[in-house]
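Report on the structure given below.
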Amino acid sequence: MAAKAGAIDMDKAEKDIKRKEGIIQSMTPLERRKPELIKATRKRRIAAGSGVHVQEVNRLLKEFEQMQDMMKKMKGSGMMKMMKRMGGMKGMPKF
């Protein structure tokens, strides 16, 4: 039963990745480089081109922005400091 649930989760994850890939492919190269350019009319075009609702485009853009912020924080504070704040990673060597 657990294996079946895992397979369902994998199917869902694969569909999600395909949907995101479709959204990204519906963007112009400039929009991919500068997502801040994507306003309402561009979102509607991207959604129509990828076969999803505008909310899906908004969700992807928000996820991207959150990841970008997280990467900036990791770069600024350093990964080791971040790991120390999280209590370190058990089983990892100490530096």
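Quick note: the coordinates plus some simple rules give every number you see, no bench work behind them. Computed from a predicted model, the values in this text were never measured in an experiment. Cβ: placed from backbone, ideal geometry, glycine included. Neighbour counts: every protein chain shown.
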(request) Grab the Cα-Cα distance for T28 and A13, subtract it from 0.36 nm times how many residues apart they are, and report the gain in nm with one decimal. (result) 2.9 nm
(message) Please give me the summed charge of the neighbours of G6: other residues whose Cβ is under 14 Å from its Cβ, Lys and Arg +1, Asp and Glu -1.
(response) -1
(message) Rounded, prolate or oblate for the range 12-72? Axes are the square roots of the Cα gyration tensor eigenvalues, ordered a ≥ b ≥ c, and the cut-off for rounded is a/c under 1.5.
(response) oblate
(message) Within 10 Å of each candidate Cβ there may be at most 11 other Cβ atoms; applying that plus a DSSP loop requirement, which trypsin sites (Lys or Arg not before Pro) in the range 5-86 survive?
(response) K39
